[in-house]
Amino acid sequence: MLPPEPKKSSPAPPAGRGEAMPVLQRPVTSLRGVGAERAKQLARLDIHTVEDLLLHRPRRYEDRRHFRAIAELTRDEAATARGTIVAQGLKRFRGGAKSVFEFVLDDGTARLHCRWWNLPFMEKYFAVGDEVFVFGKLVETKPRTMDHPETEVIETGEESFIHINRLAPVYPLTEGLPQRWLRGLIWRTLEKFESQFVEPKPAPDSKTFPTRANAVRMIHFPEALADVEIARRRLALDEFVAWQCEMQLRRRNFEAKSRALPCGGDNRLMKPFLAGLGFKLTHAQTNVLREIRMDLGGQPSPGGFGSASAHPMRRLLQGDVGSGKTVVAACTALMALESGFTGALMAPTEILAEQHFRNFQKWFKPLGIKVQLQTGSHKPAGSRESRVESPSRHPPATLDSRPPTLFIGTHALLTSGFDLSKLGLVVIDEQHKFGVAQREQLVRKGNYPHLLVMTATPIPRTLGLTLYGDLDVSVIDEMPAGRGRVKTFVRAADKLPKVWEFIREKITAGRQAYVVYPRVEEQDTANDLKAVTREFENVRRSLAPFRVGLLHGRLPGREKEDVMAAFRANQIQALVATALIEVGLDVPNATVLLIENAERFGLAQLHQLRGRIGRGAHESFCILISSARTDEARERLRVLEETTDGFRIAEADLKLRGPGELLGQRQSGLPRFRFGNLTEDLDLIRRARELAAQTPGGVPEKI
Ligand code: ADP
Ligand code: MG
C-alpha cells in the first residue's frame, strides 16, 4: 500500500470547472514518446503518473566521469569500465539448446570478456566498434571475464550529455525497457515539469533541506554523490509528513464522529478485585491505569491529542513480556463493567484466549461478573456446540437478571453475535498478531467502544511513531518484583546431550520445561508437524521417566486445552511445542526453555518465546540451539545472551531484517515508502510529526 499521496495543486489560479488535471497527476501517456506499449512497461514498475515517473528512485549511480581501467578490475568490487568492442560472437552447444554470447572489450589498458549465457538475442544489441559501459565484477582474471554485466551502449550526438560525462542514474527496469530510454524520458520530463513540485506549507526549514523540486532533480542527476542522500532525506521527509497527515486526519475524523461512552467506573468492583489479587500493582501499572481512566472517563489525556471533546480511547499499551499487561486489561474491563457496559477481549490464539478465560473467571466470578468464551472451538451459550463455562453448573443467565459480561475470544469474536449495544470496551492482546483491518473490524462493532491494544513486541521508536501515529501510547517500563533471573545461552547442536542432562536436573528439582521447534509458516504445516512429532519421541526418550506433552496448532482445541491443563498442574514436566506458545502463556513453574534451530526465528520472536520463562521466583534458563553453520547467524543470537531489554532486541532485529519481517509486512498496514527508511530516519519521522501537527486540517496545503 502506498501512502495516499498528499493533495497536489498546480500553481494555476483557483479551481474552476473544466480545470485541467494537475500536470503531475496526468498519466504517463500524456508525455511525448510514451505510447501504450511503454505505458504498460512503466506500469509494471508501478509508474502510472508523471509524478510516479519523477519519483522513480535510481537503484544506483554510475560515475561516468571516472572509469576503472580494465587492467584494474577485480573480483571483489563491482566497477564501471568503458571501452570499444573489438570482437563478438555467439556459440551454441548441446545441439543448440545452450548458448553463450560473448564480446571482447578493449580500453587500451587490457581486454575484458563479457558473457551472457543462454540469452542468444543479446547478439542483436551490440556490434564490433560500439563503445560500451559495463558494470560488474570479474568472475575470472585469466582472461578477465564478467558474466552478465550491466551494459549500456554509448551513443553520441543528441542527448549524450544526459548519459555520459556525469553521475548517471541507473534505474530499476523491467523487460523491454531500455535504461537509456528511461533516463532520457526522466531528464526531459524534469526539464519541463520540475517546477510543478511546489513547497508545502509549512515547508521544512530551508537551511537543512533543499526544496522539493531541487530534491527531485538531485535524486536523478546529482552533481556529487553526497547530494543523493541530501535529496533522499527531503523526499523521505515529505513521505513521512504525508503519512502522518493521513493518520492525523483519520484521527480527527474519528474524533469528530464519535462520542466517548462514559466508562470511567466507580471502583465498586475494582476495590475488591485489587484486594483479592494477591500482589500490589507496580508503579508502572498504576500510572498506565490512571491514563486509561482519564480516557474512559472522557477527559483529554495528557500527552494525547489534546482534543477537548470526549472521544473514545484509542490507546496502545506497550510492555515487555511478563510486565503484567493482563492485570491492566482486567482493571480496564472493570471500569467499563462498573459503568454498566460490556467488554470484549480478543487474543490471537485459542490457548491464549483460554488462559485469559480461566484467569478472568477466577478473578471476576467472585465479583458477580459473567465471563464468556468464544473461539473456534467454543461457541457461546445458545449455539449447539456451546460448552461455555460448564453450563451444567452455571445455567445461562435469564434476560432480566443479565449480569455485566466480559467476552473473551479469538478472531471468532468478530463473527459472533454478542449484544453490541452495550459494548463499551474492546481490548486486543498481542495486537501485532492481528491485522490492522481486524482491529478496525472489531472496533467498528457497536457504538464506538473504547479501544486498548496491547503488545509485547517492543516496537522500535521509528516504527512506533509511524505505525501507531494515530494512537496514544502508554508504556509499562517496570517488571513486577520478585522475578527470578533468566540466563540465556547459545549452544551448538553437539552440546545437546549435556543440555538434556541439565534439563533432567531441573525437572528433578521440581521445575518444568518447554522445548520449542521452529514453525516455518504462519500456520503449522504438515512438515512441521512431522518434525515436531518425531522430536517429541526423542524428547520423551531423553527425559524418561518424566512425562512429556506435545502441543501444536493442528491439535483440536479440546486436546490443546487438556495438554495445557496437565502442564499447568505439573502432571506433565516438559512440553514439546511449536512457536504456537510464543504469545502470552503463563506457567510460573516452567523455568527452562530449549529452542532448537533457533537461528530460524527472528530475534524479537525469540525474545517473546523467552517470555514464557522467568515468570516465577526461580532462576530460569533459556538455551538456544543453533545449527547454523555461519558465524553471522550465531552472532545474531548473541544479542539475546547479552540483553533482556526488549527494545534493544527489537532495534537489532529491525536493523537485521527490516520492518516487514519484524512486524509481518502483510499485517502491519505500513505504507511502502520509496525514500523513507524506517530503520534510520527517526529524526525525520519526528520532524514530520511536528510538521503534520502544524498543518491545518491534517492535509498539507501543498506538497
Ligand atoms: P504480559 O505483560 O506478558 O502479558 P502477564 O500479564 O501475563 O504479562 O503477567 C505475567 C505474570 O506476572 C502473571 O503471572 C501475573 O499474574 C504476574 N503479575 C502481574 N502484575 C504483577 C505485579 N504487580 N506483581 C506481581 N506479579 C504480577
Ligand atoms: Mg500477555
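Selection of the stretch 44-87 for residues being in contact with a Ser or Thr (Cβ under 9 Å, 6 or more places away or on another chain), within 27 Å of Gly676 (Cα to Cα) and not β-branched (Val, Ile, Thr) yields Arg44, Leu45, Leu53, Leu54, Glu62, Asp63.
Just give me the residues in the stretch 173-195 being more than 20 Å from Asp227 (Cα to Cα) and either β-branched (Val, Ile, Thr) or open to solvent by less than 40 Å² (accessible area, probe 1.4 Å) (or both), in sequence order. Correct list: Thr174, Leu177, Gln179, Leu182, Gly184, Leu185, Thr189, Phe193. Here the stretch 573-590 is the region considered, the condition is being away from ligand 2 (no atom under 16 Å from the Cβ) and crowded, with 20+ Cβ neighbours inside 10 Å, and the residue that is modelled with the lowest pLDDT is Thr578. Looking only at residues of the stretch 533-562 that are β-branched (Val, Ile, Thr) and closer than 18 Å to Ile613 by Cβ, we find that the one that is surrounded by the fewest Cβ atoms within 10 Å (Cβ to Cβ) is Val548.
The single condition from (1) within 16 Å of ligand 2 (Cβ to nearest atom); (2) open to solvent by less than 10 Å² (accessible area, probe 1.4 Å) that Phe601 fails is (1). Any idea which residue in the stretch 323-369 is surrounded by the most Cβ atoms within 10 Å (Cβ to Cβ), counting only those that are within 13 Å of ligand 1 (Cβ to nearest atom) and free of Cβ contacts under 8 Å to residues at least 24 places away in the same chain? Selected residue: Arg358. Within the stretch 346-369, being under 26 Å from the mean Cα position of the chain (by Cα) and more than 11 Å from ligand 2 (Cβ to nearest atom) holds for Met346, Thr349, Glu350, Ile351, Ala353. Of the strands (runs of 3 or more DSSP E) contained entirely in the stretch 308-380, those carrying at least 3 residues that are of a type in the set (A, V, I, L, M) fall at 342-346. A residue that is within 16 Å of ligand 2 (Cβ to nearest atom), surrounded by fewer than 20 Cβ atoms within 10 Å (Cβ to Cβ) and over 23 Å from the mean Cα position of the chain (by Cα) occurs nowhere in the stretch 634-644. When the stretch 215-259 is filtered for residues that are among the small types (Gly, Ala, Ser) and either closer than 17 Å to Ala688 by Cβ or in contact with a strand residue (DSSP E or B) (Cβ under 7 Å, 6 or more places away or on another chain) (or both), the ones remaining, listed by number, are Ala215, Ala231, Ala236, Ala242. Within the stretch 282-302, restricting attention to residues that are at pLDDT below 90 and farther than 17 Å from Asn267 by Cβ, the residue that is nearest to ligand 1 (Cβ to nearest atom) is Ser301. One residue stands out among those in the stretch 257-280 that are in contact with a helix residue (DSSP H, G or I) (Cβ under 9 Å, 6 or more places away or on another chain) and within 16 Å of ligand 1 (Cβ to nearest atom): the one that is most open to solvent (accessible area, probe 1.4 Å), which is Lys280. From the list Ala203, Ala236, Ala256, the one residue that fits, being more than 26 Å from Leu289 (Cα to Cα) and part of a helix (DSSP H, G or I), is Ala236.
Can you say whether Ala284 is surrounded by 16 or more Cβ atoms within 10 Å (Cβ to Cβ), within 16 Å of ligand 2 (Cβ to nearest atom) and assigned to a helix (DSSP H, G or I), as far as the supplied structure shows? Yes.
Take the stretch 615-660 and flag every residue that is at pLDDT below 85, closer than 21 Å to Ala579 by Cα and acidic (Asp, Glu). Asp645, Asp653 - these are the residues of the stretch 615-660 that are at pLDDT below 85, closer than 21 Å to Ala579 by Cα and acidic (Asp, Glu).
The values are calculated or read from the model by the stated rules, or taken from the named source; none is laboratory data. Only a predicted model underlies this, so the values are computations on that prediction, with no experimental measurement involved. Note: ideal-geometry Cβ built from the backbone for every residue, glycine included; neighbour counts use all protein chains shown. Side chains included, ligands, DNA and RNA excluded: accessible areas come from the protein's heavy atoms. Shrake-Rupley method; radii C 1.70, N 1.55, O 1.52, S 1.80 Å.
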